[in-house]
Amino acid sequence: MIQLLANWILSFDILSGMGISVAWGLSLFIVAALIFVFVAANAIVLVYIERKVSAFMQVRLGPMRVGKFGTLQTVADALKLLQKEDIIPRSADKVLFIIGPWVILVASVVTFAAIPFSDTLLAANMNIGLFYIVSISSIVVLGIVMAGWASNNKWSLYGAMRSAAQIISYEIPVGITLIAVVAVVGSLNLQTIIQEQAGTGNLFHWIPIPLPNWFIFHSPFLFVAAFVYLIGATAEINRTPFDIPESESELVAGFMTEFSGLRWALFFLSEYANATLVAFLVSIVFLGGWQSPFADYEGTQIGFSIITLVAIMWTLFVRAKTGRLSVYPLGLSLVITIAAWLFPGFAIWMASPGIFWMLMKAGGIIFMLMWFRWTFPRLRVDQLMYVSWKVILPLSLINLMGVAIWMWLTGEIQF
Amino acid sequence: MGRLHAEEMVLNMGPQHPSTHGVLRLKLTTDGEIVSHIEPVIGYLHRSFEKHAENLEYQMITPFTGRCDYIAAMGSEHGYAMAVEKMMGIELPERVEYLRVIFAELQRIASHLVAVGTFGLDVGAITPFIYCFRERELILDLFEMASGARLLYNYIWIGGLAHDVPPGFVEKTYEFLDAFDEHVAEYNQILTGNKIFVERAADIGVMTPEVAINYGVTGPSLRASGVNIDIRRTEPYSIYDRFDFDVPLGQGLQGTIGDSWDRYYVRVLEMGESAKIIRQALDQLPVEGDVKSAIPRRIRPPKGEIYFRSENPRGELGYYIVSNGKNVPVRLKMRSPAFSNLSVINEIGQGWMISDVIAILGSLDIVLGEIDR
């Protein structure tokens, strides 16, 4: 994308005199700014969605006053945070205190450079994309420890120490789970990983249920791996039920306790950037990234018809069990199905790969993360370590072995 | 390299902390995450209730009692009113007794809802808390109908009630009860059986019956340890002997008897029992009767002293009143259940992690207004 942008800049007569290196630098800057804008806007939208989702789960309405349905609430909150006094505690380590939030933010924003939003829309098509993301995102822990230590507050220190232990522990199973996918593809390039998942096929290659060729349906092992990764990643980004570094009821606010105003907003920004990153990674690695789940437009029509049938059954089930009538899933799927049958163009668009599918999948994962957060209690530190070292890590190792054996048995690789 | 210098760190939890249930301060001596000693520091909410009481007429003390245990103001008022009535030998109309029981039990449900919800909050589950407050709101609506207030009622007066309940109150209470069982099932679904919640609460902070009795722990926390003492049953006051209800005990369903999970679950079960009592009381409620007919003109208890105890949502609430025959008590001492319940925290919280100490504190269900008085 940077190359394309540079070429596009040079194609103007007035600008062509600047030379390739200047054009390259300019487009680099533009792309970086675009990514940052995406992260910031994304956080504002996600905070609103999270507040609404939590409100609906808790029989509340959530923000309703600022703007229609409270849509401008997070904008107002962000403005309020910008105006707040910037407090640095007297006994804090000033340099680390100032650097800490920025380290976290930069580490989480920079990872988006390798995320392919569609087949053309990505900042840098690295051949080590996956490795880059995993390694860069682990720098976050440095910033957290900096912030926690620099605050000179016992609660912050506890939060930072917990966070360091947690993130480092969970990086190992997460990495090994991703290696299982890399073993299948044979590449660390995220575009290659996505392209491998094109088309439709049978579940686990031999059960005759037509499903997309996503890696979650590749083999039973990768099916488990997807969930292992989701759990591990939830822990890595410090979200409930693994939010012990900032556990509100224990450590006040963990490593964020002493931060206020803009610095605190940076933590918030990076928190949502990380959640989005995990959602993108899950959809890229296991759910086919920007690939459409439907092979062609007939597939779209049939696929959505099946989804509507499922929605009808689900609605009837809920009606029988709780006596409540929830019409939204049914209505939505019905509308899309009718549209897919009436307008072939719409069906073709649905069947074509693109940023729409990427955002849909990532949105679904983010919704799941929110769902976790507002239903589960929080684990204790040692229980968290138990889950990491004694459950998830062995599981991911077994998965890696299993995937290798599976591929040998199905003849995908030969020795 | 010299020897690594290691020492225990004193961590000051509170008085401003999200999970100390008010303005409690805990001095935790910590070795890493492990807490080796807990010292509760109280008094941040001291309002000198007992000294005030020595200078106030009996009927003026009633609003103060509600301000002690502000989560269960009806219970405190009920206990105080009964103590003075017993001193003066007042016979109450049936309707007053029934209404008082209805309010006391509604208050018990409301108080336990707060306890259950905040315990969930302490272990990180936010949504159950909101669900609990949704139902508490309905109870507060009922209280508002009757007394006009939602937190501090001054409704149970010595010798009667401030007003009779308005028309429609009984129907609304029935409505609330009908929906309530379903809601309790909801809490059990989202919290009680949750694997993470069980991991966080079961086997944590086990209180053996001996420890509980030695420290004077009462109420649901004591019953969770398997000790069958409920003053409504062992020493029935008011008209509690007329109702059919069970006293739930801790059974160690998820771990050991007397762990935090038991203390939580006993409260959940007690809400159901209270609902049963309210239903019976509503069924038997006499239609006729003036709630103010027995209120004495002058409240001057005869010379003497009394210790009267009743079962508050948090445990045994006792009032020791010394009278010299005048309209002002010579001495009024309140035996606060939460104070004794809090004193056990060092014994059962030692050696656990910081997160567990918060869970244990939450499971004891303390109210600082009552501890500091």
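I need the calculated FRET efficiency for the pair A:I20 and A:S135, taking r as the beta carbon distance and R₀ as 25 Å, to the nearest 0.05. Don't skip to the end; give the middle numbers.
Working: r = 30 Å, r/R0 = 1.19.
Once rounded, the FRET efficiency stands at 0.25.
Only four residue types carry charge here, +1 at the Cβ of Lys and Arg and -1 at the Cβ of Asp and Glu. Report the dipole size of segment B:257-373 about the Cα centre in Debye, rounded to the nearest 20.
On the way: 16 positive and 15 negative charges, 207 e Å.
In total the dipole reaches around 1000 debye.
Taking the Cα centre of segment B:244-287 as origin, sum charge times position over the Cβ atoms of Lys and Arg (+1) and Asp and Glu (-1), and report the length of that vector in debye to the nearest 20. Present the calculation step by step, with values, prior to reporting the outcome.
On the way: 4 positive and 7 negative charges, 23 e Å.
Its charge dipole is roughly 120 debye.
Given A:I365, A:Q58, B:H46, which one lies farthest toward the positive end of the charge dipole of the protein assembly as shown, if we put +1 on the Cβ of every Lys and Arg and -1 on the Cβ of every Asp and Glu?
B:H46
Over chain B, what relative contact order in percent results from Cα pairs under 8 Å that are six or more residues apart?
The normalised contact order for chain B reaches 27 percent.
For segment A:297-352, what is the relative contact order in percent, using Cα pairs closer than 8 Å and at least 6 residues apart in sequence?
The normalised contact order for segment A:297-352 reaches 50 percent.
Just grab the label-to-label distance for A:L309 and B:A149, each label 7 Å out from Cα along the Cβ direction, in nm (one decimal).
6.4 nm
Below 8 Å between Cα atoms, with a sequence gap of 6+, how large is the relative contact order for chain A in percent? Don't jump to the answer; show the numbers that get you there.
Working: 629 pairs, mean separation 78.7, N = 415.
Relative contact order, chain A: 19 percent.
If the cut-off is a Cα-Cα distance under 14 Å, which aspartates and glutamates reach A:K94, setting aside same-chain residues fewer than 8 apart in sequence?
Partners found: A:D86, A:E258.
Which residues' amide hydrogens lie under 5 Å from the amide hydrogen of A:N202, considering only partners 5 or more residues apart or on another chain, with H built in the peptide plane?
A:L211
Please determine, in degrees from 0 to 90 and to the nearest 10, the orientation of helix B:58-68 with respect to the longest principal axis defined by the Cα atoms of chain B, where the helix direction is its Cα long axis.
30 degrees
Once you've got the Cα coordinates, tell me which of B:K86/B:K292; B:K86/B:K303; B:K86/B:K326; B:K86/B:K276 are over 21 Å apart.
Those over the limit are B:K86/B:K276.
How much FRET efficiency would the formula 1/(1 + (r/R0)^6) give for A:M64 and A:R324, where r is the Cβ-Cβ distance and R0 is 22 Å, rounded to 0.05?
That gives a FRET efficiency of 0.45.
For B:K27, which lysines qualify as cross-link partners when the Cα separation must be under 26 Å and same-chain residues fewer than eight apart are set aside?
List returned: A:K154.
In a GNM of chain A with a 10 Å cut-off on Cα contacts, which of A:F294, A:F286, A:F346 has the highest mean-square fluctuation?
Sorting by GNM fluctuation, first place goes to A:F346.
Hey, if you put +1 on the Cβ of every Lys and Arg and -1 on every Asp and Glu Cβ in the protein assembly as shown, which of A:W341, A:F286, B:A125 ends up farthest toward the positive end of that dipole?
The Cα lying farthest towards the positive end belongs to B:A125.
Once you charge only the Cβ atoms, +1 for Lys and Arg and -1 for Asp and Glu, what is the size of the charge dipole of the protein assembly as shown about its Cα centre, to the nearest 20 debye?
1180 debye
Using a Cα-Cα cut-off of under 26 Å, which lysines could be cross-linked to A:K68, ignoring same-chain neighbours fewer than 8 residues away?
A:K52, A:K80, A:K84
Do any GluC sites (Glu not before Pro) in segment B:9-118 lie in a DSSP loop with no more than 12 other beta carbon atoms within 10 Å, and if so, which?
Filter output for segment B:9-118: B:E91.
Coordinate-derived values only; no laboratory data. Just so you know, these numbers come straight off a predicted model, no measurement behind them. Cβ sites come from the backbone with ideal geometry, for glycine too, and all protein chains shown count toward neighbours.
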